[in-house]
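This report concerns only the one structure given below.
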Amino acid sequence: MKFAMQSFTMVDQHGKVLYFGVSETVPEIPDALAVVGQLPPGDEHYWDRETEAWVKIPPSPSPGHTFDWPTKTWVDPRTLEQAKEQKRQEINRLSAAAMRAQFEFGGKAIDCDSISRSYIDAINGEVNASGQMPPNWTGAWKTADNSWLPIPDVSTWRAFYSAMVNRGLENFAHAQRLKADLEAASTVEQVDSISW
């Protein structure tokens, strides 16, 4: 077909956009409809052939859902076991992130990323080996807000280290509770409702 320069959109039998453009001629594609003079308002639209109007696709209920074009609904193709495995990996990832996050001591947030944890463990090894703070110890620990938290002696250091360990144990226990909930889940919806 030949037209004056105008916009068009090619859609399949379900209204899914195949492509669009501006041209004098509209290509002929088997089983496709040319919607002349119409461009989709956005990627999240389809052409409703009955009403001859663009329809916005609602947001996906979860990352596991896919849009089913014939029914125009979101469906979750995952089996219960697939959903559980994805959630198990998510819990493990978030648990590892929590272990590298901060803990609190003396009313201050203390960084526990891999570098900070390396320093903490090295100092703790020296304290345990010698029973005293390392030589040239500054007497304080730099906090997440860049202030200094006094740690003048072995007793305070051990309380500091215990705060880190206890935070890790809390994170571990939380992850185990979530994994127990995960094992008890009998539907994909129950699995998806579990969050850190």
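The values are calculated or read from the model by the stated rules, or taken from the named source; none is laboratory data. In this text the structure is predicted, and so the values were computed from the model without any measurement. No Cβ is skipped: glycine too gets one built from the backbone with ideal geometry, and neighbour counts run over all protein chains shown. Heads up: the accessible areas ignore ligands, DNA and RNA and are worked out on the full protein's heavy atoms, side chains in. Shrake-Rupley method; radii C 1.70, N 1.55, O 1.52, S 1.80 Å.
Right, Ala98: in contact (Cβ under 8 Å) with a residue 60 or more places away in the chain, surrounded by 11 or more Cβ atoms within 10 Å (Cβ to Cβ) and touching a strand residue (DSSP E or B) at 6+ places or on another chain (Cβ under 8 Å) or not? Can you show your working first?
Working: in contact (Cβ under 8 Å) with a residue 60 or more places away in the chain: yes; surrounded by 11 or more Cβ atoms within 10 Å (Cβ to Cβ): yes; touching a strand residue (DSSP E or B) at 6+ places or on another chain (Cβ under 8 Å): no.
Taking the combined requirement at face value, the residue does not satisfy it.
Give the residue, chosen from Glu170, Glu104, that is out of contact with any Ser or Thr (no Cβ under 7 Å at 6 or more places or on another chain), part of a helix (DSSP H, G or I) and either at pLDDT below 95 or open to solvent by 60 Å² or more (accessible area, probe 1.4 Å) (or both).
Glu170
Mind checking which strands (runs of 3 or more DSSP E) fall wholly inside the stretch 1-86 and carry at least 2 residues that are aromatic (Phe, Trp, Tyr) and crowded, with 16+ Cβ neighbours inside 10 Å?
Per the criteria, 45-48.
Only one of these is in contact with a Pro (Cβ under 8 Å, 6 or more places away or on another chain) and either part of a helix (DSSP H, G or I) or of a type in the set (S, T, N, Q) (or both): Ile115, Ile91, Ile123. Name it. Spell out how you get there, then give the answer.
Numbers: Ile115 fails: in contact with a Pro (Cβ under 8 Å, 6 or more places away or on another chain); Ile91 fails: in contact with a Pro (Cβ under 8 Å, 6 or more places away or on another chain).
Criteria check complete, one pass: Ile123.
Among Asn146, Asn136, which is modelled with pLDDT under 95 and either open to solvent by less than 50 Å² (accessible area, probe 1.4 Å) or part of a loop (DSSP other than H, G, I, E, B) (or both)?
Numbers: Asn146 fails: modelled with pLDDT under 95.
Result: Asn136 is the single residue among Asn146, Asn136 that is modelled with pLDDT under 95 and either open to solvent by less than 50 Å² (accessible area, probe 1.4 Å) or part of a loop (DSSP other than H, G, I, E, B) (or both).
Of the conditions (1) at pLDDT 95 or above; (2) under 30 Å from Pro61 (Cα atoms); (3) not basic (Lys, Arg), Ile120 fails just one. Which one is it?
Among (1) at pLDDT 95 or above; (2) under 30 Å from Pro61 (Cα atoms); (3) not basic (Lys, Arg), Ile120 violates only (2).
Is there any pair linking a residue in the stretch 145-168 that is under 21 Å from Gly131 (Cα atoms) to one that is open to solvent by 80 Å² or more (accessible area, probe 1.4 Å) and part of a strand (DSSP E or B), with Cβ under 7 Å and at least six apart or on different chains, and which?
Correct list of pairs: Ala163/Glu104.
Inside the stretch 173-196, can you point out the residues that are surrounded by fewer than 13 Cβ atoms within 10 Å (Cβ to Cβ) and closer than 17 Å to Phe103 by Cβ?
Ala173
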